[in-house]
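In what follows, a structure is listed as structure tokens, so that the remarks can point back to it.
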Amino acid sequence: MKVCIVGAGGIGGLLAVKFSQAGEAVTVVDRGLHLDAMRSHGLSLKMADGTESTTTDLRVTGKISQAGSTDLIILAVKAHQIADVAADLSPLYGSDTSVLTVQNGIPWWYFQRHGGELDSKRLQKLDPEGLIAQHIPAERILGCVAYPACELAAPGMIRHMEGNRFPVGELDGCVTERATTAANLFNNAGLKSYVIDDIRAEIWLKAWGALCFNPISALTNATMVDICQHDETRKLVINMMTEAQTIAEKLGIAFRRTIEERVAGAEAVGAHKTSMLQDSLAGRPMEVDAVIGAVTELGRITQSSCPTIDSIYACVSLLNNKVQQLGVEQPNKSD
């Protein structure tokens, strides 16, 4: 299969190495020092079990247009970067090309092919002008939830901390041949995937924790286990999850875990720095609107009160503005 991965950071880099080693024809699109390192030395991956590997069997480019016709495009850039690349994807589209998304939080396409009275409603926080939807047709999209924790440790080097699951699903809930093919792609590469008939419920299950742990970690410089084991922040997480559950249930989502089970799962991850904390420390823009801003918008759409989520969103959006104004690289060492 011809696969183009747009953005070879933590998740994109993991997939690039795994798919290439499984014999797929992989093109990677990235930029800067990371692009230079991949061109010179390939892409290295260190797994949580200590195994290391490097693949040089990648086609690497700085321009999406140079990727050529592609069977599967994996959008692995940050949520706030999608608008910048969406218009460049069309040269890659063949008659059956699919676009698989692996971003954190709520996706811009949430109500596309949704059905019901909210079908095709645009989320203003994520696609205010409708430009993403214009350039990435809904019928091409496959949803995917990326559970592994990975990071770009250095240019040309990906570090995997834990996890291997990538459930996929069609936006309308159908189980299709292309969704099955995508799941098999992950499985053949030594990862774990399966097709689910409610991708939005799976997105909410992960987003449920991310909307709490990501902003709180960025605001406090704390790891996930720190947040869970400090009484006051644990209460804060539970309050945010309770508000989010009300919103999700009004949208027809049924959670298969309790709040305490979700918090316990996050605590078990240990001293992991969330992606938002990593971005904050590195002076990079954070996925604030996809992770938490979109949930505040869904709260308004469903007429749900979410004062705790609103307050944390206000604080972390200000932090995001300050981080971008400063733009100063800071140490980003793993615990």
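General observations
- Neighbours of Met286, meaning other residues whose beta-carbon lies under 12 angstrom from its beta-carbon, give a summed charge of 0 when Lys and Arg score +1 and Asp and Glu score -1.
- Inter-part distance where the range 246-309 and the range 11-57 are each reduced to a Cα centre, Å: 29
- Taking Lys and Arg as +1 and Asp and Glu as -1, the other residues whose beta-carbon sits under 14 Å from that of Asp172 total -1.
- The translational diffusion coefficient of the range 201-324, from Stokes-Einstein at 10 °C and 1.306 mPa s with a Kirkwood hydrodynamic radius over alpha carbon pairs, comes to 111 µm²/s.
- Alpha-carbon geometry of the chain: the Rg and the Dmax are 18.9, 54 Å, given in that order.
- Computed from the C-beta positions of Ser69 and Arg31, the FRET efficiency with R₀ = 30 Å rounds to 0.85.
- In this simple spin-label model, placing a label point 7 Å from the Cα along the Cα-to-Cβ direction at both Ala154 and Thr258 gives a separation of 4.6 nm.
- Under 21 Å of direct C-alpha separation, and excluding same-chain neighbours fewer than eight residues apart, Lys78 reaches these lysines: Lys18, Lys63, Lys125, Lys206, Lys273, Lys322, Lys333.
- For the range 46-109, trypsin sites (Lys or Arg not before Pro) are listed when DSSP marks them as loop and at most 13 other Cβ atoms sit within 10 Å of their Cβ; the list is Lys63.
- Normalising the Debye intensity of the range 99-174 to I(0), with uniform scatterers on Cα atoms only, and taking log10 at q = 0.15, 0.20, 0.27 Å⁻¹ returns -0.63, -0.92, -1.27.
- Across the range 152-171, the residues whose backbone nitrogen lies under 16 Å from the label position 7 Å along the beta-carbon direction of Asp49 are 160-165.
- Amide N of the range 96-134 lying under 14 Å from the label point, which is placed 7 angstrom from the Cα of Ser317 along Cα→Cβ: 124-128
- Length gained when the stretch Glu249-Gln324 is fully extended (0.36 nm per residue, less Cα-Cα span): 23.5 nm
- Label-to-label distance, nm, for residues given as Leu118 and Ala271 (7 Å Cα→Cβ offset): 4.0
- Computed E for Asn184/Gln229 - FRET, C-beta separation, R0 30 angstrom, nearest 0.05: 0.15
Throughout, read-outs are computed from the coordinates displayed, never taken from laboratory work. On a predicted model such as this, the values are computed, not experimentally measured, just so you know. Cβ sites come from the backbone with ideal geometry, for glycine too, and all protein chains shown count toward neighbours.
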